[in-house]
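Scroll down for the structure; my scribbles are underneath it.
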Amino acid sequence: MGSGLRREAPCTSWVSCWVTVAVPARRLDTLSQVTADIFAMPLTTVCRTVHNVVEEMMTILHRAIHFPKPEEMEEVGAGFARLAGHDAFRSAAGAIDGCHIRILPPAEQNKCYFNQKLFPSILLQGICDPRGAFIDVYIGNPGSVHDARVLRRSPMYHQALYPPAGYFLLGDGGYPCLQRPVAIMTPYRQPVASQVEARYNGHHARGRNIIERAFGILKTHWRSIFLRALEIRPLFAPKVIGACCNICVAAGDILEEEEEEEEEEEGSEDDTGNADERDLSGNGVRRRLAAQLSAPEGLPACLGEHDYL
């Protein structure tokens, strides 16, 4: 933990280390009088304790949420190949998706916080590894912002931080199929044109589903955050959400996620660019992946000039 969490709380002698941790764990998302009553603490102390703990957790967040090291990439790829059920996905480096977190919108600009499902939210963009541990989060865009635009606003995208060359992320149809500045492989749009595309979509979905599971586990552990509107300022909410990520995975405390239907966003012309731009992106890589998935087993990688089957 950060040095601030190890310090003795200066307010009163009875605010022990246990209380400092237990109060935020009980109610990270709200600073309610109920929490103050449970711990027999003044409401101002509850507010200060939660804010202090969350701010300290932000200083060490990079220890819990970080991209894999270069020497770990082979293991990451092998994990996604197992999930997808085919070695073609050994080049997958993560699964990406967005998740809506309900909030009480601010009085100003509150309309931009209402998403497609007509409730106010902020967006959590998450990337996870094949274990379901988050390796990158980008939190705080208003709920009305499309997944593809959130991606383009993220540091990971405009600084081309991840994945490394030769690897790609698995994303749903709400994202563009890209090769650069970050490589993202998406499914073919329905209805698919062939069995080759259908087979690719099936393997892709099995590999990408781990991000849905990661969100599901997060929601199961932190029900009060994800199943009701956050009663905190939208500017503080991303820190609270970030503080919750990977706590349970790191401790090996994995609960079975609860089923919740997340509507897949469809890409728009404004967000995915025109057809020429898409052809310059990841479509060629996707075609090669699909062909590899449908190639008959046992064929040589390439035939010599005078070789015949």
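Cross-link partners of residue 69 among lysines, defined as those whose alpha carbon lies under 30 angstrom from its own and excluding same-chain residues fewer than eight positions apart: 219, 239. Under 5 Å from the amide H of residue 136 lie the amide H atoms of 127, each residue being 5 or more positions distant or on a separate chain, with H modelled from the backbone and absent for Pro and chain starts. Using a simple spin-label model with pseudo-atoms 7 Å out from Cα toward Cβ, residue 119 and residue 144 lie 1.9 nm apart. Proximity of backbone amide H atoms, modeled 1.01 Å from N, is registered between residue 141 and 123 at under 5 Å, excluding neighbours fewer than 5 places apart on the same chain.
With 10 Å bins beginning at zero, the pair-distance distribution over Cα atoms of the range 120-258 amounts to 11, 38, 36, 14, 2 %. Remark: spin-label model distance residue 227-residue 104 equals 2.0 nm, labels positioned 7 Å along the Cα→Cβ axis.
Please name whichever of 51, 104, 86 sits farthest to the positive end of the charge dipole of the range 44-107, dipole taken about the Cα centre and charges placed at Cβ: Lys and Arg +1, Asp and Glu -1. Going by the charge dipole, the pick is 104. Extension gain for residue 61-residue 235 works out to 60.9 nm (0.36 nm per residue, less the C-alpha to C-alpha distance). Rounded to 0.05, the FRET efficiency of the residue 72 and residue 287 pair, given R0 = 22 Å and the Cβ-Cβ distance, is 0.15.
Remark: the range 56-107 carries a charge dipole of roughly 200 debye about the Cα centre, counting +1 on each Lys and Arg Cβ and -1 on each Asp and Glu Cβ.
Per-residue 3J(HN,Hα) values for the range 153-162, derived from phi via the Karplus relation 6.51 cos²θ - 1.76 cosθ + 1.60 with θ = phi - 60°, read 7, 6, x, 4, 7, 6, 9, 6, 6, 6 Hz in sequence order (x marks Gly and Pro). Peptides 223-235, 82-94, ordered by how many other C-beta atoms sit within 10 Å of their residues on average, highest first, read 82-94, 223-235.
Values quoted throughout were computed directly from the atomic coordinates according to the rules given, and no laboratory measurement underlies them. Every value quoted in this text rests on a predicted model; they were computed, and no experiment measured them. Positions of Cβ are backbone-derived with ideal geometry, glycine not excepted, and every protein chain shown enters the neighbour counts.
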